[in-house]
1. If you scan region 347-377, which residues turn out to be buried (at least 21 other Cβ atoms within 10 Å of the Cβ) and farther than 23 Å from Pro326 by Cα?
2. Please identify the pairs in which a residue from region 128-153 that is closer than 15 Å to Leu49 by Cβ has its Cβ atom under 6 Å from the Cβ atom of a residue that is open to solvent by 40 Å² or more (accessible area, probe 1.4 Å), counting only partners at least 6 apart or on another chain.
3. Quick one: in region 185-195, of everything that is open to solvent by 50 Å² or more (accessible area, probe 1.4 Å) and not in a loop (DSSP other than H, G, I, E, B), which residue is farthest from the ligand (Cβ to nearest atom)?
4. Would you say Gly229 is within 11 Å of the ligand (Cβ to nearest atom) and farther than 18 Å from Ile318 by Cα?
5. Please give the number of the condition Glu145 fails out of (1) touching a helix residue (DSSP H, G or I) at 6+ places or on another chain (Cβ under 7 Å); (2) open to solvent by 60 Å² or more (accessible area, probe 1.4 Å); (3) in a loop (DSSP other than H, G, I, E, B).
6. Return the residue satisfying two criteria in turn: it lies in region 155-184 and is within 21 Å of Lys120 (Cα to Cα) and open to solvent by 70 Å² or more (accessible area, probe 1.4 Å), and of such residues it is farthest from the chain's Cα centre (by Cα).
7. Report, by residue number, each residue of region 2-44 that is in a loop (DSSP other than H, G, I, E, B) and either at pLDDT 95 or above or in contact with a Cys (Cβ under 9 Å, 6 or more places away or on another chain) (or both).
8. Determine, yes or no, whether Ala221 is aliphatic (A, V, I, L, M), outside any loop (DSSP other than H, G, I, E, B) and open to solvent by 10 Å² or more (accessible area, probe 1.4 Å).
Amino acid sequence: MAEPKSATIPVSIYEYVLEYLDIAAKKISLDPNLLKIIEQPRKVTIVKLPIQMDDGSFQVFTGYRVQHSTVRGPGKGGIRYHPKVNLDEVSALAAWMTWKSAIMGIPFGGAKGGITCDPKKLSMGELERLTRRYTADLADILGPEKDIPAPDVNTNAQTMAWIMDTYSMHTGEYKSSVVTGKPVVLGGSRGRHDATGNGVGITVREAAKAKGLKLEECTAAIQGFGNVGSIAALSLVKMGIKVVAVSDVNGALENKGGIPIKVLIDYAKENNGSIVGFPDAKVIEADKILTYPCDILIPAALENVITKENAADIKANIIGEGANGPTTPEADKILYDKGLTVIPDILCNAGGVTVSYFEWVQDRLGYFWTEDDVNNRLEEHMVRAFRHVHDVSEEFDCSLRIASYILAVKRVTDVLLLRGVYA
Ligand code: NAD
């Protein structure tokens, strides 16, 4: 079992993937030969990217693309720009994409990419050159039928537009379906921006229903107020839940009467993304957010934040993992033993990849849906996936996380067996 994160011992996130995979495989007595195949990424590409900086000097950046599985369809997964991007993290994120797509029943495999860089220190011109060089180096392994990137931490619709343009220049064809999360005028889908947060809200609602909780009597605390956290908060408020505490990288706030989330979103937009200084709430210590007294906790910022050190102090009844990998396996066990419902990342935040799938479908059709169409289909997909996972958790008497892995592993290996192993 992987050790929890500390200042000195780096954690292998991929170990988490293997640990859960192993538990799920045992529960369904998976053929060890199949396990051997799915526990490793299918293809790993590392590129060294020489970029001319604005001052005329050159810097060489390292980029990754890990295609974990293409068994159920082309690779699918975001691209992250961050100083801590490394092969272990990208590989784990790629594997999670495989499981997410399988749980949602969408015809994709799993992939992820990243460049080790600090985007805050790069100009727009440097970011564009870095993105184009990364895309050019990977052009042979990307494509609507091969592997379809999307935004992740520190990348956005503009990054996707550069990728789409570079790829189209290389292939000589207008290929909007090579990426998702694009601007709507370039073939992006309506509803994509809010999809992950809305999906978090839908799964929380379903979990509350399963536990017999009344939404209008529930309170919530949210760590992270970026794309996922802010939209998840809004979605919960629309369901009648009171959001009483939120935090971001700069600090944390509480209002026991309920934070006016729409007003806070507008405030953050005007304040460089930060919630600090918001007048309608009181400042609290940032590290109190995860153990804040509430019914629903949404970690929507970072990996490895719920650990064996704080798991026992969590007061919430339901945790909806908006972020990828927020809970260590040791903490997960403590939470399960306490009777908490943890909606695992590979189910809870899968609204994003689901609407990415809708975007890919619309691009290939050349016919675009209304926002209501997208939201209705998202609702249908999230509810169906939640129920499938919930049924498996009852059948195997296990957590929703292990049930999600069981469902995903079964769906991937069933297709693998049908296709056969080209050995
Ligand atoms: P984002 O950059 O928009 O927001 C991140 C938020 O986390 C910001 O508010 C930031 O201030 C906050 N944060 C950073 N460090 C923090 C800390 N130490 N304490 C409290 N808050 C902190 O990113 P996002 O797109 O919202 O992604 C958040 C998480 O959700 C990531 O794990 C990402 O992989 C995952 N995710 C995102 C999507 C998507 O569609 N955006 C889909 C699936 C999963």
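1. Tyr357, Phe358, Glu359, Trp360, Gln362, Asp363, Val374
2. Ala139/His170
3. Val185
4. no
5. (1)
6. Per the stated criteria, the residue is Gln158.
7. Within region 2-44, Ile28, Ser29, Leu30, Asp31, Glu39, Gln40, Pro41, Arg42 qualify.
8. no
The values are calculated or read from the model by the stated rules, or taken from the named source; none is laboratory data. Everything quoted here is computed from the prediction, not taken from an experiment. Glycine gets a Cβ as well: all are built from the backbone with ideal geometry, and neighbour counts include every protein chain shown. Ligands, DNA and RNA are stripped out before the accessible areas are found, and what is left, the full protein with its side chains, is counted by its heavy atoms. Shrake-Rupley method; radii C 1.70, N 1.55, O 1.52, S 1.80 Å.
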